[in-house]
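Below you'll find the structure, written out as structure tokens, and then a few comments.
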Amino acid sequence: MTDKVTFWYGCNVVRHGDIIHSAIALLEAVGIEVTPAGGAGYCCGTAKDGNLRAAEGMGKRTVEKFNEHGTGQVVSWCPSCYRHMNAFMGEYTDTQFQLSHFTQLLHARRDVLAIKLTNRIERKVLLHKHFGFHEVDVNPLVEDLLRLIPGLELVETETTVPGHMCSALSRVPAALKDATRAVCDAANGAKADTVATVFHSCQRLLCALEGSEPFKVVNYVNLLTESMGMTTRDDYKEWKLAGSEEAVVAAVGNERIAAMGEKLFRDSILPELLKQPSK
Amino acid sequence: MPEKAATLHAHLDDFIKDTLSRCTRCGKCFEACPMTRYGDGLSKADPKTVVSGVLDWLQQTPGNEESVQWLKVCTQSSRCIEACPEGINAMKMVRVGQMSAMGSLGLQGAPALSGREAKDFFRVINAFSETQMTPDEMARWQR
Ligand code: SF4
């Protein structure tokens with residue numbers, strides 16, 4: 001595989017700059033030259049099933065931009081983007097690149113990565129697994145990667161939940177609740193001190209469990225970069241754990257609220273940050 | 001190799017025609033679905049009836065209530081794809097059925113399903129980006 005790739009991180013992952021920066025650091029650590037691309041300007045349009053004209057416009061624009069990158073390789077972080085490219089976008093556009101998933105690329109270069117993982121991480125980790133991403137069997141790939149970390153004990157678990165990531169379940173609140181309960185039971189049953197998430201939306205929807213459960217919730221890329229000696233900070237989790245409205249506002253800070261826009265923060269972002277997982 | 005469709009609508013038309021020509025209405029996709037216990041009445045629904053309803057949606061005809069319930073609880077678990085003996089992407093079939101039930105394929109009348117997009121979706125994405133990226137990263141990675 002080429003050493004130059006476009007790293008397509010997606011839209012919703014921008015809540016977690018730590019995940020994006022860790023993922024890029026990991027690709028670079030295994031010798032890959034990365035062109036990152038994401039945010040609204042690279043949306044796949046998967047959320048636009050109610051407006052297919054918009055979905056098509058977004059899909060075409062994003063494919064054209066990837067073609068212009070000229071890397072010939074697009075590596076996706078988000079399973080929804082990957083799925084949408086495969087099942088829809090790629091069916092009516094001229095894609096001049098191969099699509100792969102981040103876990104595949106990193107796993108293929110795990111021998112190089114292993115050399116960089118020098119810091120011991122004394123954690124007992126349970127991987128939070130969904131079974132719905134049929135295109136790429138990510139769970140064993142991530143488990144292999146976590147086993148490279150010195151000091152880390154990976155719990156064997158049969159617990160897997162529907163959907164390809166937690167955001168898919170949020171449309172059916174009872175199912176999200178069951179899945180959340182299942183990961184809590186599995187982690188506590190195994191006395192794990194850490195639940196590792198694979199995808200950003202699981203990190204988003206599960207991170208606040210730290211407020212009521214005895215385990216930490218960390219995305220696996222941050223465990224890998226921690227072992228490389230890199231420090232990351234999950235702002236989103238800190239904000240979710242702040243608790244009250246006043247505490248969230250203080251944690252986010254006036255400067256960032258101003259950058260987000262005060263009205264948008266009050267109307268849409270604050271309610272999201274105050275919402276706690278149901279289990 | 002058939003020529004690639006030029007538009008999303010053309011691709012969906014091809015997909016619908018192909019699915020309708022190959023689906024035997026056996027119901028195995030529905031039987032494999034891990035979400036049926038979350039839909040009203042779905043646990044006891046006849047799989048063939050549910051699938052027939054989804055195929056109605058694909059043909060721009062409102063499907064039965066059981067099919068609406070299935071469209072509502074699909075969370076893209078992929079089990080239906082593995083279950084289909086005809087090699088149909090049943091998850092995509094359900095997704096296109098959802099599009100039809102949202103009125104996105106031209107079906108008139110009140111939509112049976114609403115769109116999935118969250119309120120202020122892109123504004124929220126841009127707002128979080130402002131807090132998580134440097135201005136330089138925003139300029140280089142997100143334009
Ligand atoms: S399993 Fe396949 S052939 Fe059977 S009803 Fe579902 S889509 Fe049709």
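The values are calculated or read from the model by the stated rules, or taken from the named source; none is laboratory data. Note that this is a predicted model, so its numbers are computed, not measured. A quick note on method: Cβ atoms are made from the backbone with ideal geometry, for glycine too, and the neighbour counts reach across all protein chains shown. Remember, those area values only see protein heavy atoms, side chains included, never the ligands or the DNA or RNA. Shrake-Rupley method; radii C 1.70, N 1.55, O 1.52, S 1.80 Å.
Odds and ends about this structure:
- Filter result for B:MET93 (within 30 Å of A:PRO36 (Cβ to Cβ), more than 7 Å from chain A (Cβ to nearest Cβ) and open to solvent by less than 60 Å² (accessible area, probe 1.4 Å)): no
- Number of the condition not met by A:ALA258 [criteria: (1) closer than 21 Å to A:LEU126 by Cα; (2) open to solvent by 60 Å² or more (accessible area, probe 1.4 Å)]: (1)
- Residue in the range A:268-277 that is more than 22 Å from A:ALA192 (Cβ to Cβ), in contact with a Ser or Thr (Cβ under 6 Å, 6 or more places away or on another chain) and buried (at least 16 other Cβ atoms within 10 Å of the Cβ) present: no
- Lone qualifier among B:GLU86, B:GLU82 - being open to solvent by 50 Å² or more (accessible area, probe 1.4 Å), within 13 Å of the ligand (Cβ to nearest atom) and either within 8 Å of another protein chain (Cβ to nearest Cβ) or of a type in the set (S, T, N, Q) (or both): B:GLU82
- Those residues of the range A:226-274 which are touching a residue at least 60 places away in the same chain (Cβ under 8 Å) and of a type in the set (Lys, Arg), in sequence order: A:ARG233
- Filter result (closer than 30 Å to A:ALA182 by Cβ and surrounded by 14 or more Cβ atoms within 10 Å (Cβ to Cβ)) within the range A:114-123: A:LEU117, A:ILE121, A:ARG123
- Qualifying residue in the range A:83-94 (condition: within 14 Å of chain B (Cβ to nearest Cβ), open to solvent by 30 Å² or more (accessible area, probe 1.4 Å), under 23 Å from the mean Cα position of the chain (by Cα) and closer than 20 Å to A:ALA37 by Cβ): yes
- Qualifying residue in the range B:97-110 (condition: within 14 Å of chain A (Cβ to nearest Cβ), at pLDDT 95 or above, within 14 Å of the ligand (Cβ to nearest atom) and touching a helix residue (DSSP H, G or I) at 6+ places or on another chain (Cβ under 8 Å)): yes
- Matching helices (runs of 4 or more DSSP H) fully within the range B:33-143 where at least 2 residues are basic (Lys, Arg): B:90-101
- Residue in the range A:3-11 that is assigned to a helix (DSSP H, G or I) and either touching an Asp or Glu at 6+ places or on another chain (Cβ under 6 Å) or open to solvent by less than 40 Å² (accessible area, probe 1.4 Å) (or both) present: no
- Qualifying residue in the range A:209-229 (condition: out of contact with any Lys or Arg (no Cβ under 8 Å at 6 or more places or on another chain), among the acidic types (Asp, Glu) and within 14 Å of chain B (Cβ to nearest Cβ)): no
- Considering residues of the range B:64-73 that are more than 13 Å from the ligand (Cβ to nearest atom) and of a type in the set (A, V, I, L, M, F, W, C) only, the residue surrounded by the most Cβ atoms within 10 Å (Cβ to Cβ): B:LEU71
- Test: B:ARG143 is open to solvent by 50 Å² or more (accessible area, probe 1.4 Å), more than 26 Å from A:GLU238 (Cα to Cα) and facing chain A (nearest Cβ under 7 Å): yes
- When the range A:235-260 is filtered for residues that are in contact with a Lys or Arg (Cβ under 9 Å, 6 or more places away or on another chain) and either of a type in the set (Asp, Glu) or within 21 Å of A:ASN139 (Cα to Cα) (or both), only A:ASP235 remains.
- Filtered residue count, the range B:13-52, keeping only those that are within 14 Å of another protein chain (Cβ to nearest Cβ), within 9 Å of the ligand (Cβ to nearest atom) and open to solvent by 20 Å² or more (accessible area, probe 1.4 Å): 1
- Members of the range A:55-80 found to be open to solvent by less than 10 Å² (accessible area, probe 1.4 Å), more than 10 Å from chain B (Cβ to nearest Cβ) and part of a helix (DSSP H, G or I), listed by number: A:THR62, A:VAL63, A:PHE66
- Given (1) surrounded by 17 or more Cβ atoms within 10 Å (Cβ to Cβ); (2) within 14 Å of another protein chain (Cβ to nearest Cβ); (3) of a type outside the set (Val, Ile, Thr), index of the condition A:LEU126 fails: (2)
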